[in-house]
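What follows draws every value from the coordinates through simple rules; no lab data is involved. In this text, all values refer to a predicted model and were calculated from it rather than measured experimentally. Cβ atoms come from the backbone with ideal geometry, glycine included; neighbour counts cover every protein chain shown.
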Amino acid sequence: MTDYRELIRAAFAAREKAYTPYSGFQVGAALLAKDGTVYEGCNIENASYGATNCAERTAFFRAVFDGKRDFSAIAVVGGKTGGEYVEAWPCGICRQVMAEFCDMDTFEVIIAVSEEDYHVYTLKEILPHAFSPSNLI
Ligand code: THU
């Protein structure tokens with residue numbers, strides 16, 4: 001299995017940028033493009049709560065804007081400000097965004113609470129029976 005410590009470290013750095021005045025739950029994500037570039041993202045909340053953008057989508061949208069379409073993994077870390085790190089599972093909308101760009105069988109989602117303590121799942125494991133671009137062909 002790939003050593004994801006560096007990617008997790010990038011996710012922790014990204015978490016520092018989280019804008020979370022409403023939930024206080026800070027999330028960081030680090031998305032690894034197949035060319036080796038890492039795109040970091042944090043959650044960005046909004047007074048109109050539904051306008052909040054999750055850390056994972058921030059990372060994806062930065063990468064896509066930068067011209068990237070091929071990705072191999074994303075590390076996600078989270079926890080309340082000043083509290084313990086907890087497993088931060090990607091929400092359904094973020095999983096759907098992953099399904100738009102990533103291979104279901106090989107793209108890896110790393111849920112970490114530290115650089116040493118993490119679990120790795122394929123996208124298919126966390127989003128079975130996805131509605132994906134291939135459904136529209
Ligand atoms: N959040 C993320 O950014 N990613 C996740 O994986 C789960 C939830 C954010 C959204 C919101 O700002 C806060 O966590 C609480 O739901």
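Maximal additional length on extending the Ala47-Glu6 stretch stands at 11.4 nm, based on 0.36 nm per residue less the C-alpha distance.
Seen from a random direction on average, the alpha-carbon convex hull of region 5-136 projects onto 8.0 square nanometres. With Cα atoms defining each centre, region 68-123 and region 4-51 are spaced 10 Å apart in the structure. Kindly state, to the nearest 0.05, the FRET efficiency for Asp70 paired with Ser114, given R0 = 22 Å and r defined as their beta-carbon distance. Efficiency computed from Cβ-Cβ geometry: 0.20.
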